[in-house]
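To start, the structure under review is shown below, and the notes come after it.
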There are 2 protein chains.
Amino acid sequence: MLLIADNLQITKESVQKALAQRDAKTIRNLVGRCEESGADAIDINTGPLGKNAEDKMKFFVDAVQEVTELPIVIDTANPVAIEAGLKCAKNRAIINGFSLEPKKIEKILPLAKTFDTDIMGYLLTKEGQVPKTATQRLTIASEIHSKIIEEDISEERLIIDPVLVPLIWDDGKNQDFELLGVIRLLPDVLGFEVKTVVGLSNLSAGAPASLKKNIIENSYLSMLAASGLSMVLLNIFNTETVKTAKAIEELLNPGIFSWEVSQ
Amino acid sequence: MLLIADNLQITKESVQKALAQRDAKTIRNLVGRCEESGADAIDINTGPLGKNAEDKMKFFVDAVQEVTELPIVIDTANPVAIEAGLKCAKNRAIINGFSLEPKKIEKILPLAKTFDTDIMGYLLTKEGQVPKTATQRLTIASEIHSKIIEEDISEERLIIDPVLVPLIWDDGKNQDFELLGVIRLLPDVLGFEVKTVVGLSNLSAGAPASLKKNIIENSYLSMLAASGLSMVLLNIFNTETVKTAKAIEELLNPGIFSWEVSQ
C-alpha cells in the first residue's frame, strides 16, 4: 500500500502564504519532511487556483520537484491548472482526478492520454453526488472504466477512488463498511487488477480532537488494506498511522515475517 | 465481536498453584479482573488435568462461577474433564473444542448434544495437523458441519476456529492472510451464518518482547473483524488490544457513529 502525503494543501495558511510570496523554500521544507516521514508520493492539493492558475501550479510543481523525485499527484478540479502541472512535471505524475461529471470527462480525462499519466477516478454520480450503496458504486466504476476505454487510455492508468465518507454521516459507518467490499470486488467487476485509493482523513471529517481518532483510523486502514487497497492519501506526519501502515505492509506482503523492528 | 479472556491458563504458575491448593480466591480475583477489563466470556484452559480430572475441573468451574455470570469456555482435550465441567456449569457453557480426529468426534462432540451447548470446531486434519491452504480449510469446515448434522446437533451450536498460525511460521503470513478469506467465505460455503473464533495470541507465538507486537496484533484483529469474525480469545489485560476491539465494534456495528469516547 503506497502512502501519499496529503500535507501540501492550499487550505493551510502557511501554504497560501508561500504561494502568495512565491516562497519555494517553505514548500521544499514541507515536502522534504513528508519524504522523511515515509511518503511514497506527494499530493499537490492546490484548489482551483483562480487567476494565473498555470503560473501558480508551476510554482508548486517546480518547488516540489526541487526537493524530491517522488511521484506527484496533481490535485485540482481546474483542467487548465492540471495541464500546467503536467507540462512542467519531471517526476512521475498522477492526475487527481476525474468523475462522470460531463465537464470532467470532457476536460480532464483526455489529459491522461495526452500526457500518458495515471488518473484517479472518483465513484461519484454524473451530478457529483456520493452514491449510497455498494451496487451504485460498482455500477459507476464500470461506467468510469468504459469512459477510459472510449478515450483509448490504457486501463492500467486508472486508479479508482471509491469515496470514503465521514463516519459521522447518518449512514457513514454503513457506507464505509460497504466500501471494503467494493474495494475487494472491483478487480472482479472490472476484469483487471484495478488500483484503488482513498483519502483517509475524510473518515474523521468533523471529528473533534478525540482520543479515539487514531485508533479508529488505524483500525479502518487495516481493514482497507486487507480488502486490497493499493494506495492511501493521509497525513504523513501522523506517526501512529504511518507505523500502522508499515505493520500492515509486513502482514500483507509475501515473504517470511520477523518480529524484529525494521528501519 | 465477543472478547473471550484467555487469561485463566494452567500454564501459568499462579493458576497451577491455586489448583494444587484449591485456592478459589486466586481464581476469583483473576476472573473478576477479566470481567472488569471487558471480557464477554471466560476461557478455562485447564490442560488435560491428569488424575482426579473431574474434581479439578469442578474446582475451576465453581471458582469462576462464584464471581461471574459470564459464559464459560471449557478448554481441554480431556472428555472426562469436559463432562465434569459441563455437569457443574450454571453459566452458559461452550466446549473448546473438537476436530475431525476420530477420538474427538467420538468422545467430545456428543457432549454438545447431551448438554445442549455450543461447541468450537477446529479446522484441523483427521491427524490433528494444520491444513496449508484456504481450500483445505473450507473442505474441513464442510466435513465438520456434516459431523454436527450426523450427531443431530443444531448447526447454530457450531463455532468454527479456522486456526490462526504464528506469523513466524515459514508460510505464516500467507496462511493468516488466507484465513481472512476463509472467515469471509464460511457462511456461504456452509449455507448458514456460522460463528467463528480465533486465538489471537497464536499470531505472536514465539515473538520476543517487541515494540511492534501490539500494532501487528491490533492491525490483524481489525482485518479479522472486517472479515466477519464473531469472537476472539485474547489477553484481556492488554488494554491497547481491548481499545482496538472497542473501536472495531463501533466501526462495524449498525447505528450512528460518534467521536465521543464511550465508557
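The values are calculated or read from the model by the stated rules, or taken from the named source; none is laboratory data. Here the structure is a predicted model, which means the values were calculated and not measured. Quick reminder, even Gly has a Cβ in these numbers, built from the backbone with ideal geometry, and neighbours come from all protein chains shown.
If I go through segment B:220-263 residue by residue, how many of them are closer than 24 Å to A:Ile168 by Cβ, within 8 Å of chain A (Cβ to nearest Cβ) and part of a loop (DSSP other than H, G, I, E, B)?
Within segment B:220-263, residues that are closer than 24 Å to A:Ile168 by Cβ, within 8 Å of chain A (Cβ to nearest Cβ) and part of a loop (DSSP other than H, G, I, E, B) number 9.
Could you grab me the full set of residues in segment B:205-256 that are within 17 Å of A:Glu250 (Cα to Cα), polar (S, T, N, Q) and buried (at least 20 other Cβ atoms within 10 Å of the Cβ)?
B:Asn218, B:Ser219, B:Ser222
So, in segment A:7-39, exactly how many residues are closer than 11 Å to A:Thr68 by Cα and surrounded by fewer than 17 Cβ atoms within 10 Å (Cβ to Cβ)?
Total meeting the criteria: 4.
Among the strands (runs of 3 or more DSSP E) lying completely within segment B:13-126, list those that include at least 1 residues that are among the aromatic types (Phe, Trp, Tyr) and out of contact with any His (no Cβ under 6 Å at 6 or more places or on another chain).
Working: elements: B:41-45, B:72-75, B:93-98, B:118-122.
Where strands (runs of 3 or more DSSP E) fall fully within segment B:13-126 and carry at least 1 residues being among the aromatic types (Phe, Trp, Tyr) and out of contact with any His (no Cβ under 6 Å at 6 or more places or on another chain), they are B:93-98, B:118-122.
Which members of segment A:142-168 meet the condition of being closer than 25 Å to B:Leu251 by Cα and under 17 Å from the mean Cα position of the chain (by Cα)?
Answer for segment A:142-168, where residues must be closer than 25 Å to B:Leu251 by Cα and under 17 Å from the mean Cα position of the chain (by Cα): A:Ile160, A:Asp161, A:Pro162, A:Val163, A:Leu164, A:Val165, A:Pro166.
Kindly indicate whether any position in segment B:62-70 is at pLDDT 95 or above, surrounded by fewer than 21 Cβ atoms within 10 Å (Cβ to Cβ) and in contact with a Ser or Thr (Cβ under 8 Å, 6 or more places away or on another chain).
No, there is no match, as no residue in segment B:62-70 is at pLDDT 95 or above, surrounded by fewer than 21 Cβ atoms within 10 Å (Cβ to Cβ) and in contact with a Ser or Thr (Cβ under 8 Å, 6 or more places away or on another chain).
Pairs please, first residue from segment A:101-130 and farther than 11 Å from A:Arg157 by Cβ, second anywhere and surrounded by fewer than 15 Cβ atoms within 10 Å (Cβ to Cβ) and modelled with pLDDT of 95 or more, Cβ atoms under 6 Å, 6+ apart in sequence or on different chains.
Here the result reads A:Glu101/A:Gly128, each pair linking segment A:101-130 to a residue that is surrounded by fewer than 15 Cβ atoms within 10 Å (Cβ to Cβ) and modelled with pLDDT of 95 or more.
Can you tell me which residues in segment B:132-161 are surrounded by 20 or more Cβ atoms within 10 Å (Cβ to Cβ) and without any contact (Cβ under 8 Å) to a residue 40 or more places away in the chain?
B:Ile148
In segment A:112-124, how many are out of contact with any Asp or Glu (no Cβ under 6 Å at 6 or more places or on another chain) and surrounded by 17 or more Cβ atoms within 10 Å (Cβ to Cβ)?
Qualifying residue count for the region: 8.
Suppose the filter is surrounded by fewer than 17 Cβ atoms within 10 Å (Cβ to Cβ) and not in a helix (DSSP H, G or I); does A:Gln129 pass it?
yes
Give me a count of the residues in segment A:169-189 that are of a type in the set (A, V, I, L, M, F, W, C), farther than 19 Å from B:Gly255 by Cβ and either facing another protein chain (nearest Cβ under 9 Å) or over 20 Å from the mean Cα position of the chain (by Cα) (or both).
Counting residues in segment A:169-189 that are of a type in the set (A, V, I, L, M, F, W, C), farther than 19 Å from B:Gly255 by Cβ and either facing another protein chain (nearest Cβ under 9 Å) or over 20 Å from the mean Cα position of the chain (by Cα) (or both) gives 1.
Matching residues to (1) touching an Asp or Glu at 6+ places or on another chain (Cβ under 6 Å); (2) outside any helix (DSSP H, G or I); (3) among the β-branched types (Val, Ile, Thr):
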{"site": "A:Ile149", "(1), (2), (3)": "no, no, yes"}
{"site": "A:Pro166", "(1), (2), (3)": "no, yes, no"}
{"site": "A:Asp170", "(1), (2), (3)": "no, yes, no"}
{"site": "A:Lys173", "(1), (2), (3)": "no, no, no"}
{"site": "A:Leu186", "(1), (2), (3)": "no, no, no"}
{"site": "A:Val189", "(1), (2), (3)": "no, no, yes"}
{"site": "A:Ala209", "(1), (2), (3)": "no, yes, no"}
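Is it the case that segment A:193-207 has a residue that's touching a helix residue (DSSP H, G or I) at 6+ places or on another chain (Cβ under 9 Å), at the interface with chain B (Cβ under 7 Å from one of its Cβ atoms) and of a type in the set (D, E, K, R)?
No, that holds for no residue.
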